[in-house]
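Data first, discussion second: the structure below is written as structure tokens.
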Amino acid sequence: KQWYQRRVRGFQSPESLQTTMQCPNKGEVVGMGIKPGVTLIAGGGFHGKTTLLSALKFGVFSKIPGDGREYLVTTPTATKLRAEDGRQITGVDISNFINNLPQKKDTTRFYSCDASGSTSQAAAIMEYLEMGGKCLMIDEDTAATNFMIRDDKIQMLLSADKEPIKPFLYRARELYDRVGVSSIVVVGGAGDYLDIADTVLLLDNYTVKDVTLQAKEIATAKPAHIPTLPPMMPPSQRTVD
């Protein structure tokens, strides 16, 4: 075998997540099913978290025979979002995530020719909701840290009324419960997300483990401080001038 063939590790679903699908041209296919809700993909560096998320991201496309991902499918509107420093934003309502900016800058119709990481990510999510998306994916490696979390120490140093950004952590649970939008988030250092997760996957040397029960025990023993925010407003209709 070639060196790359010797290093390949075949995918194996945890028993707790195994599901069966009937395919018209294949028959019964057994594999891992990820339920709607908030799903975390955790694990150490270089253990396969981003690799798994990348596979899910491409699950919206058909594959040619022999590709190796023929039976990897994702809900058709799924997409991966990231921070895009420097992008243009035109009239997007990002007030669910960012408001009370200095100089009273309007975030219900936000404009920027050089967006920051946090504003670009907030705009991407709201644009995704405008399009009717139902499953968004985020990798903390390509996300804006201040948009993803605010830990306890920074909350003590910087009061909520001085911070315009409402992190995704505060909205992800509501996005599913009220809006029906699932999230799949890769985390390696943002443990507060354990408090809002429905399913927690652990990548260990490219092997997937279901550690949901363990994660819930950890979250119960040391809960994160997640404030209650006003309900999310639906994306507003907009016209581009």
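Tabulated data
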| item | result |
| --- | --- |
| Selection count, region 74-98, where residues are open to solvent by 40 Å² or more (accessible area, probe 1.4 Å) and part of a loop (DSSP other than H, G, I, E, B) | 8 |
| Among the residues listed as Y176, Y206, the single one being more than 13 Å from T39 (Cα to Cα) and open to solvent by 10 Å² or more (accessible area, probe 1.4 Å) | Y206 |
| Given (1) open to solvent by 50 Å² or more (accessible area, probe 1.4 Å); (2) under 30 Å from S13 (Cα atoms), number of the condition S182 does not satisfy | (1) |
| Of residues in region 32-41 being open to solvent by 20 Å² or more (accessible area, probe 1.4 Å) and either at pLDDT below 95 or hydrophobic (A, V, I, L, M, F, W, C) (or both), the one nearest to E140 (Cα to Cα) | I34 |
| Scope region 135-166; condition farther than 24 Å from G48 by Cα, in contact with a strand residue (DSSP E or B) (Cβ under 9 Å, 6 or more places away or on another chain) and aliphatic (A, V, I, L, M); matching residues | I165 |
| Of all residues in region 99-115 being closer than 21 Å to M233 by Cα and of a type in the set (A, V, I, L, M, F, W, C), the one that is surrounded by the most Cβ atoms within 10 Å (Cβ to Cβ) | F110 |
| Residue match in region 123-145 (condition: under 19 Å from V92 (Cβ atoms) and polar (S, T, N, Q)) | no |
| Residue that is farthest from A78 (Cα to Cα) [pool: residues in region 21-58 that are touching a helix residue (DSSP H, G or I) at 6+ places or on another chain (Cβ under 8 Å) and of a type in the set (A, V, I, L, M, F, W, C)] | A42 |
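The values are calculated or read from the model by the stated rules, or taken from the named source; none is laboratory data. Remember, it's a predicted structure, so these values are computed and weren't measured experimentally. Cβ: placed from backbone, ideal geometry, glycine included. Neighbour counts: every protein chain shown. For the accessible areas, the whole protein counts, side chains as well, though only heavy atoms, and no ligand, DNA or RNA atoms are used. Shrake-Rupley method; radii C 1.70, N 1.55, O 1.52, S 1.80 Å.
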